[in-house]
Amino acid sequence: MNRKITVVGNWKMHGSKSHVSEFFAALGAHHFKESASIQMESVVCPPFIYLDHAAKLLEQNPKCELGAQDVSAHQAGAFTGQVAATMLAEVGCKYVIVGHSERRQFCQETDDIIAEKFLAAKSAGLTPILCVGETQAQREADLTASVVVGQLQALLAKAGAAAFAQAMIAYEPIWAIGTGLTATPEQAQQVHGLLRLTIAEYDATVAASLPILYGGSVKPNNARTLFSMPDINGALVGGASLNAQDFLAICDAAL
């Protein structure tokens, strides 16, 4: 069976319309490596305001999928500033990030709110990418396992393991985001294995096929060793995804 590696670029609140054009021009000109045993998929998540522009460029040269950085838990209504999952799907998104550590920290999103967003995304046909991860203080206190498993519990309580079919998890240790620090492949694998085991306790079939991405200062020079771990199925890339050549090098590292 072929192994699939997914590389997701999260631009956060960066970029411009010209940057979108330049990035996707570079993507369109790139000749991806090929592998008989590995399938590589790339996803780019620009800010909301550039999604339509990116979608039109990808229509001309569809070398990756489009994702969003967040989604509303609501289908419609008086929720100024929020964007519904159906709107994201209409503009061409296939994926959406939910529960990113910055949303948890700066917007006070709870596990319950994140679970509602996750389910709203699924109901609209999007593939949600659920982010989980611990702080440096929590790791030093040996709380990594309880924190990341706890972040799954609201969703498991609401919808069971079936919610993770046609979905993804991204393990993003907060202490490694934008710091230059990276979990060793062995540290990341340990947490990825725990996450898969947690889902397997509810449904082994869903767990076996669940893509679990690593996010935390992923760069071209460390991607290959991370991807070599059995339970690391790709990467959620932050800063390096803004540079087309770095992002493409990470994609090629999967092959």
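Condition check ((1) touching a strand residue (DSSP E or B) at 6+ places or on another chain (Cβ under 7 Å); (2) among the aliphatic types (A, V, I, L, M); (3) more than 30 Å from E59 (Cβ to Cβ)) across all residues:
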residue: T86; (1), (2), (3): no, no, no
residue: G99; (1), (2), (3): yes, no, no
residue: Q105; (1), (2), (3): no, no, yes
residue: A115; (1), (2), (3): no, yes, yes
residue: A121; (1), (2), (3): yes, yes, no
residue: L143; (1), (2), (3): no, yes, yes
residue: A159; (1), (2), (3): no, yes, yes
residue: A170; (1), (2), (3): yes, yes, no
residue: G180; (1), (2), (3): no, no, yes
Looking for something in contact with a His (Cβ under 6 Å, 6 or more places away or on another chain) and either in a loop (DSSP other than H, G, I, E, B) or at pLDDT 95 or above (or both) - is there at least one such residue anywhere in region 88-101?
no
With among the polar types (S, T, N, Q) and at positive phi as the only criterion, which of Q189, Q136, Q153, Q166 stands out?
Q166
Which residue is nearest to the chain's Cα centre (by Cα), if the candidates are limited to region 112-137 and must be under 19 Å from E172 (Cβ atoms) and assigned to a loop (DSSP other than H, G, I, E, B)?
G133
If you scan region 207-233, which residues turn out to be at pLDDT 95 or above and of a type in the set (S, T, Y)?
S209, Y214, T225, S228
When (1) of a type outside the set (S, T, N, Q); (2) closer than 30 Å to A208 by Cβ; (3) crowded, with 17+ Cβ neighbours inside 10 Å are applied to G160, the one that fails is (3)
Answer with yes or no whether A121 is surrounded by fewer than 21 Cβ atoms within 10 Å (Cβ to Cβ), modelled with pLDDT of 95 or more and among the small types (G, A, S).
no
Quick one: in region 73-118, which of the residues that are within 28 Å of V149 (Cβ to Cβ) and among the aliphatic types (A, V, I, L, M) is surrounded by the fewest Cβ atoms within 10 Å (Cβ to Cβ)?
I113
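Matching residues to (1) in a loop (DSSP other than H, G, I, E, B); (2) within 17 Å of the chain's Cα centre (by Cα):
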position	(1), (2)
Q151	no, yes
A157	no, no
A162	no, no
Q166	yes, yes
I169	no, yes
T179	yes, no
Q189	no, yes
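This table checks each residue for (1) of a type outside the set (S, T, Y); (2) touching a residue at least 24 places away in the same chain (Cβ under 8 Å); (3) touching a helix residue (DSSP H, G or I) at 6+ places or on another chain (Cβ under 8 Å).
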{"position": "A29", "(1), (2), (3)": "yes, no, no"}
{"position": "E34", "(1), (2), (3)": "yes, yes, no"}
{"position": "E41", "(1), (2), (3)": "yes, yes, no"}
{"position": "I49", "(1), (2), (3)": "yes, no, no"}
{"position": "K56", "(1), (2), (3)": "yes, no, no"}
{"position": "Q75", "(1), (2), (3)": "yes, yes, yes"}
Of all residues in region 228-254 being hydrophobic (A, V, I, L, M, F, W, C) and touching a strand residue (DSSP E or B) at 6+ places or on another chain (Cβ under 6 Å), which is surrounded by the most Cβ atoms within 10 Å (Cβ to Cβ)?
V237
Would region 4-12 turn up any residue that is buried (at least 18 other Cβ atoms within 10 Å of the Cβ), without any contact (Cβ under 8 Å) to a residue 40 or more places away in the chain and among the aliphatic types (A, V, I, L, M)?
no
Give region 191-229 a look and list any residue that's among the charged types (D, E, K, R) and outside any helix (DSSP H, G or I), or say none.
E201, D203, K219
Tell me which of these T179 doesn't satisfy, since it passes every other one: (1) among the polar types (S, T, N, Q); (2) surrounded by 15 or more Cβ atoms within 10 Å (Cβ to Cβ); (3) free of Cβ contacts under 8 Å to residues at least 40 places away in the same chain.
(2)
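The values are calculated or read from the model by the stated rules, or taken from the named source; none is laboratory data. These numbers come from a predicted model, not from an experiment. Using ideal geometry, Cβ is built from the backbone for each residue, glycine included, and neighbour counts are taken over all protein chains shown.
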